[in-house]
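Below is one structure, written out as structure tokens; the observations come after it.
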Amino acid sequence: MSLVHAATVVLLRPATSGPEVFLVRRHGKSGFMGGATVFPGGKVDPGDGRVESCGRTPAACAAALGVESAEAAHASFVAAVRELHEEAHVILARDDEGALPSPAAVVALNDELDSLREGHRIPHGAVHRLWRAHGLRPALDLVAPFAWWVTPVAEPRRFDTRFFVALQPDGQRAAMDGHETTAERWSTAVDAVEAHDAGGDVYLPPP
């Protein structure tokens, strides 16, 4: 079985007890890792590599990931930003003047995005069309490579997943989408692992 390319984002915010990470719970009926507590993320879409971006060139994306294909690397970066918008309502995109959307614009963009959903999912290309309509391009300098995991061969579905790290922008608030994800939490990494070990409602996949 061929590997499916995916991207996910470790979204951080400062806290008195140390950096906290944003986690969401996948829908229980999801075809992969249903009910697991994960970072926002998903599959790389066919159009992700063709989207106009800013902040990092495709060649710089390839250098950052240590790969030869600039298009594939660029697609992974764009997918990370797109999935963060889809699943966590955080928008890492800039206008032509280099500004992130205002808090009011973020609310409006997320309301518009939610109206585009078809069942639990957002159609391919919908986020990119939304960004273009509002003069925004994904800001790839706001995410940085963090880790690289490939699902073991024993699993029936296998993913080649790039993990990225990003900071929650000022004036934005991460929130679950309520469709593909059904619960959310900010937690230190240690607290999340301890909650998993306690055997409660937090199940963390190996990555």
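In table form, for the structure just shown:
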item	result
Protection-proxy order for peptides 160-166, 80-86, each taking the mean of Cβ atoms within 10 Å per residue, highest first	80-86, 160-166
Region 168-207 versus region 46-119: alpha-carbon centroid distance in Å	22 Å
Antiparallel DSSP beta bridges within region 36-188, as percent of all bridges there, nearest 5	90 percent
Per residue accessible area in Å² of the chain, where ligands, DNA and RNA are left out and the probe is 1.4 Å	50 Å²
Quotient of Cα Rg and 2.2 N^0.38 Å for region 113-207, N being how many residues it contains	1.34
From the C-alpha gyration tensor of region 27-117, square roots of 5λ in Å	23, 21, 10
Cα convex hull volume per residue for the chain (Å³)	124 Å³
The chain, accessible surface, carbon-and-sulfur percent (1.4 angstrom probe)	56 percent
Packing-based ranking, highest mean first, of 10-16, 197-203, 20-26 given that Cβ atoms within 10 Å are counted	20-26, 10-16, 197-203
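The values are calculated or read from the model by the stated rules, or taken from the named source; none is laboratory data. Because the structure is predicted, anything quoted here is derived from the model rather than measured. Neighbour counts are summed over all protein chains in view; Cβ atoms, including those assigned to glycine, are modelled from backbone coordinates with ideal geometry. What goes into the accessible areas is simple: the full protein's heavy atoms, side chains included, and nothing from ligands, DNA or RNA. Shrake-Rupley method; radii C 1.70, N 1.55, O 1.52, S 1.80 Å.
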